[in-house]
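Participant: I have a structure here, written as structure tokens, and I will follow up with some questions on it.
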Amino acid sequence: MFNGLSDKFITGHKCLGALTLLCGVLQSSAAWGQTVDAQKLSFDAAVATLEQSSDALRAAEANVRGKSELATATQSLRLPEVSLDMRYMQFQKSLSLPLGSLAPVAESFGLQSPLEFHERDWRARPVLTSVLPLYTGGKIPAAQAAAAASVRQASAERALASQSQVMQLVQLYFGQQLSEHALAVRREIRDGFQQHVDNTIKLEHSGFVTKAQRLQATVARDQAEREYQRARNDLNTISASLASLLRSDQLIDTTTPLFVITTPVGTLESFLQSALSQHPQISRLKALGEMASEGVKVEQAKLKPQMFAFGQYDLYREDALITDSDWAIGVGLKYTFLSGSNRTRHIAAAREQQLQAEAGLREAKNQLSMGVSKFYNELESARQQFLLLDSSIAMAKESLRLQELSFREGQVTSLDVIDARLQLGGVMVERAKAAYEYDLALARLLEISGQLNQYPNYFYQADMVLKQ
């Protein structure tokens, strides 16, 4: 029944090197927990460890910090820009000066009209310039708003990364609990069949059962041993995955048991409202929409004039050219009449990005609504399945007791005992699986409603727990 547990629990887990190493250590042990030290962790402690050790979260946090730095940088866009223009240049200057009415006088001194001057020299030209934007057509406030929205986007992506990591932790943490329950049941079945084989051998010697019945019991015992070994390997695999996720060089002893709250945890409407207002994907798409809206404003600003104040000061007036000013201040206006970048097309493209973001937000809300309904129903189904299995377990236990008693009295065959024991083991595993599916469905419901950080609080509300 549980042959594929490991495939379900480690889907998407890529730390194959650490997985192989830990599996090798586990498989060298005689049994789980006998020769390998384990670190005891509650689910709360495991979440805290994950927050500290996850590289995915470190990357998301670095993205938030980077976007915050860029947003801070945009706050100074209205400050003046001061620059130093330093040139060391060779130049040539030719000047022709007509003398006009002074030409006859100049001729008496041997000067010809016009006067011709030619100069060729090397000069150093250090000039300090300051430019202060006065009007940018809305480009600066749009850039600042877009940068602030990018911080909100990065924060939402960090929350999404955290939810993804915690969901993987839920699968592995409680998946290990499920595997431990399955292993315990398989061990009990195997030991029970061994006892049944021993009883069959005694009864065969006494002539109460046939050799065929003894062989049936032996085959069932061997099959139970194979199922036990498979369950142990499943546990080894998922335990290695959990340790690797938490970057631990020790196995993890999960101390928070599988749990079930026997009453509904809330209404579908409350989870739906929470999803539409708190889910990080909604925040992320809203931020993208705001960035796209500000992007339209930035492109529109390129069609508007730019006004600025400026100041200029010559730091080496002694070597200035005759046409250079000592200093200058003023106001400038720049307007681009024609540009090869086709500014109207850029505006149209920005508007399409805005429409894309808005459509994506509407689609996300629709998907969240469907997801909330799906996971809410899955949670209720798991809860009901768990509760309804109580009577099946009681009946299976009583059936096994009666079959074993009847077998010793020679009233039933070995196959009847085998079937009864297998039925009890199957129901016990099914009940543990129902509890696991409940815990997983609850986590998914809280994740899609933006409340996954509240998951540990539900432990304290649980009125049913499955302890080893």
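Participant: Leu387 versus (1) open to solvent by 80 Å² or more (accessible area, probe 1.4 Å); (2) under 30 Å from Met167 (Cα atoms): which is the lone unmet condition?
Facilitator: Answer for Leu387: the failing condition is (1).
Participant: Working only within segment 95-148, note down all residues that are among the polar types (S, T, N, Q), under 30 Å from Met307 (Cα atoms) and in contact with a strand residue (DSSP E or B) (Cβ under 9 Å, 6 or more places away or on another chain).
Facilitator: Listed by number, the residues that qualify are Thr129, Ser130, Thr136.
Participant: Could you please find all residues in segment 119-152 being among the charged types (D, E, K, R) and over 31 Å from the mean Cα position of the chain (by Cα)?
Facilitator: Glu119, Arg120, Asp121, Arg123, Arg125, Lys139
Participant: Looking only at segment 307-330, decide whether some residue is modelled with pLDDT of 90 or more and touching a helix residue (DSSP H, G or I) at 6+ places or on another chain (Cβ under 9 Å).
Facilitator: Within segment 307-330 (the criterion being modelled with pLDDT of 90 or more and touching a helix residue (DSSP H, G or I) at 6+ places or on another chain (Cβ under 9 Å)), the answer is no, since none of the residues qualifies.
Participant: Scan segment 334-361 and report the pairs whose first residue is closer than 9 Å to Ala292 by Cα and whose second residue is among the β-branched types (Val, Ile, Thr), with Cβ atoms within less than 8 Å and a gap of 6+ or a chain change.
Facilitator: Sorted first by the residue in segment 334-361, then by its partner, the pairs are Ala350/Val296; Ala350/Val298; Arg351/Val296; Gln354/Val296.
Participant: Looking at Asp253, Asp249, Asp222 in this structure, which one is at pLDDT 85 or above and over 30 Å from the mean Cα position of the chain (by Cα)?
Facilitator: None of the others qualify; the one that does is Asp222.
Rundown of residues vs (1) under 33 Å from the mean Cα position of the chain (by Cα); (2) of a type in the set (A, V, I, L, M); (3) part of a helix (DSSP H, G or I), yes/no style:
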residue	(1), (2), (3)
Ser341	no, no, no
Thr344	no, no, yes
Glu363	yes, no, yes
Met370	yes, yes, yes
Lys374	yes, no, yes
Ala382	yes, yes, yes
Phe386	yes, no, yes
Ala394	no, yes, yes
Glu398	no, no, yes
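Participant: Ok, one more. If Val298 satisfies all but one of (1) open to solvent by 50 Å² or more (accessible area, probe 1.4 Å); (2) modelled with pLDDT of 85 or more; (3) β-branched (Val, Ile, Thr), what's the number of the condition it fails?
Facilitator: If we test Val298 against (1) open to solvent by 50 Å² or more (accessible area, probe 1.4 Å); (2) modelled with pLDDT of 85 or more; (3) β-branched (Val, Ile, Thr), just (1) comes out false.
Participant: Applying the selection to segment 230-274, what residues are more than 21 Å from Arg431 (Cα to Cα) and not in a helix (DSSP H, G or I)?
Facilitator: Passing the criteria: Leu246, Arg247, Ser248, Asp249, Gln250, Leu251, Ile252, Asp253, Gly266, Thr267.
Participant: Which of the residues spanning segment 189-212 are within 30 Å of Val429 (Cα to Cα) and open to solvent by 30 Å² or more (accessible area, probe 1.4 Å)?
Facilitator: Scanning segment 189-212 gives Arg190, Asp191, Gln194, Gln195, Asp198, Asn199, Ile201, Ala212.
Participant: Cβ-Cβ below 9 Å, separation at least six or inter-chain, first residue in segment 54-65 and among the hydroxyl-bearing types (Ser, Thr, Tyr), second at pLDDT below 95 and open to solvent by 50 Å² or more (accessible area, probe 1.4 Å): which pairs?
Facilitator: Matching pairs, first to second residue: Ser54/Arg247.
Participant: Looking for whichever is of a type in the set (Asp, Glu) and over 30 Å from Ile448 (Cβ atoms) here; the options are Glu430, Glu404. Which one fits?
Facilitator: Within the list Glu430, Glu404, the selection yields Glu404.
Participant: Follow-up question, since we're still on this one. With the structure loaded, tell me whether Glu157 is modelled with pLDDT of 90 or more, open to solvent by 50 Å² or more (accessible area, probe 1.4 Å) and in a helix (DSSP H, G or I) or whether it fails that test.
Facilitator: Against the criterion (modelled with pLDDT of 90 or more, open to solvent by 50 Å² or more (accessible area, probe 1.4 Å) and in a helix (DSSP H, G or I)), Glu157 qualifies.
Here's the yes/no breakdown for (1) of a type in the set (Gly, Ala, Ser); (2) open to solvent by 60 Å² or more (accessible area, probe 1.4 Å); (3) within 25 Å of Gln454 (Cα to Cα); (4) at pLDDT 50 or above:
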site	(1), (2), (3), (4)
Thr20	no, yes, no, no
Gln52	no, yes, yes, yes
Thr72	no, yes, no, yes
Leu79	no, yes, no, yes
Val82	no, yes, no, yes
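Participant: Right, something else. Could you list, in sequence order, the residues of segment 409-468 that are open to solvent by less than 60 Å² (accessible area, probe 1.4 Å) and of a type in the set (Lys, Arg)?
Facilitator: If the condition is that a residue be open to solvent by less than 60 Å² (accessible area, probe 1.4 Å) and of a type in the set (Lys, Arg), then Arg421, Arg431 are the ones that fit.
Participant: Follow-up question, since we're still on this one. Just one of Ser101, Ser155 is of a type in the set (S, T, N, Q) and more than 60 Å from the chain's Cα centre (by Cα); which is it?
Facilitator: Ser101 is the lone residue from the list that is of a type in the set (S, T, N, Q) and more than 60 Å from the chain's Cα centre (by Cα).
Participant: Hey, another quick one. From Ile261, Ile238, which residue is within 26 Å of the chain's Cα centre (by Cα), open to solvent by less than 50 Å² (accessible area, probe 1.4 Å), at negative phi and in contact (Cβ under 8 Å) with a residue 40 or more places away in the chain?
Facilitator: One residue alone meets the criteria, Ile238.
Participant: Let me ask something additional. What residue, of Arg343, Arg351, is farther than 30 Å from Val260 by Cβ and either modelled with pLDDT of 95 or more or open to solvent by 80 Å² or more (accessible area, probe 1.4 Å) (or both)?
Facilitator: The conditions single out Arg351.
The values are calculated or read from the model by the stated rules, or taken from the named source; none is laboratory data. Treat the numbers as computed from the prediction; the structure is a model and nothing was measured. Methodologically, a virtual Cβ is constructed for each residue, glycine included, from the backbone with ideal geometry; neighbour enumeration extends over all protein chains shown. With ligands, DNA and RNA removed, areas are computed over all heavy atoms of the protein, side chains included. Shrake-Rupley method; radii C 1.70, N 1.55, O 1.52, S 1.80 Å.
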